[in-house]
Every structure is written in structure tokens, then in C-alpha cells.
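> So that we are looking at the same thing, I have put the structure below in C-alpha cells.
The values are calculated or read from the model by the stated rules, or taken from the named source; none is laboratory data. Note that this is a predicted model, so its numbers are computed, not measured. Here the Cβ positions follow ideal geometry from the backbone for every residue, glycine too, while neighbour counts run over all protein chains shown. Protein only, heavy atoms only, side chains kept; ligands, DNA and RNA dropped before computing areas. Shrake-Rupley method; radii C 1.70, N 1.55, O 1.52, S 1.80 Å.
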Amino acid sequence: MEARISLADIGHHVVTEIETFVVPAPRPDQLGEALPAEWFLQQLNEMKAALIEPYLAEIDGDGRFPGGIPKPVPRRVIIVAKDDDICVAYDPDPDGDFALIFKSASGFAVSPIRGKAVDCFMSR
């Protein structure tokens, strides 16, 4: 996804991701039981309900480098979904992917959970 993109484009991208999501097939090397298709469908419905009008937010730090950055560096992300105190946001820097964002009394902070919007939401 390109770095210069509108809020509407991000919102449309997330809706398209939900609509085109394919339930993963079990892999022969996976541990434990595969999640049932119903779980994925429930998660997609929950994500649809959690979608909000995309908006810019300033967050502190970058969870990919826990403890590695002595002082949080503010950055701007686009919040696209909210489920209680956990959000999914598009982070245009550096990889142009989505991330889980945690909201606390002190503000927003990005987690190391990154990738596609649907995958981030399902990992919350």
C-alpha cells in the first residue's frame, strides 16, 4: 500500500480485505486443532461492527522495538477499527502495514502485531 493515501482509500481497503478474506486451510505442520471456519466468520462480523470512520491519531513509540527506543517518538497513524481499548490502524511508516494499537489513559501506543488489517484484528 502506498504511503500517500486518503482516509477514504484506507477505509475502502479494509472493507475489501474483510470481503475477500479466505478462511485458512489447516496445515499439516500446525500444532493443535485448527480453528473452525465459524470462528473466522464471527471475527469478520465483529470486525465489521468495529469499523469506524478512519481518522488520524498521534501515537507514542513503536512496539516492534520494545525497550530499544529510549524515548517514544510520536507518529501519526490512521485508526480504522475500535474494539474496547484496542484499535487497528494503518501505519504508513516504514512498511505501510496495519498494526494493533492499544489505548490507555496516557494515549495510544503501537504494538508489535503488524500485517494485514484482518489479521491484526483477529489477533487482539
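> Can you tell me which residue is modelled with the highest pLDDT among those in the range 84-124 that are open to solvent by 10 Å² or more (accessible area, probe 1.4 Å) and of a type in the set (Ser, Thr, Tyr)?
Filtering first and then ranking leaves 123.
> What's the number of the condition residue 33 fails, among (1) surrounded by 10 or more Cβ atoms within 10 Å (Cβ to Cβ); (2) modelled with pLDDT of 85 or more; (3) of a type outside the set (Ser, Thr, Tyr)?
Failed condition: (1).
> Given the options 19, 38, 58, 53, name the one that is under 18 Å from residue 7 (Cα atoms), acidic (Asp, Glu), modelled with pLDDT of 95 or more and surrounded by fewer than 13 Cβ atoms within 10 Å (Cβ to Cβ).
On the way: 19 fails: under 18 Å from residue 7 (Cα atoms); 38 fails: under 18 Å from residue 7 (Cα atoms); 58 fails: modelled with pLDDT of 95 or more.
53 is the lone residue from the list that is under 18 Å from residue 7 (Cα atoms), acidic (Asp, Glu), modelled with pLDDT of 95 or more and surrounded by fewer than 13 Cβ atoms within 10 Å (Cβ to Cβ).
> Same structure, new question: Among all residue pairs at least 6 apart or on different chains, which show Cβ distances below 9 Å where the first residue, located in the range 14-37, is within 28 Å of residue 82 (Cα to Cα) and free of Cβ contacts under 8 Å to residues at least 12 places away in the same chain and the second is surrounded by fewer than 12 Cβ atoms within 10 Å (Cβ to Cβ) and aliphatic (A, V, I, L, M)?
34/25
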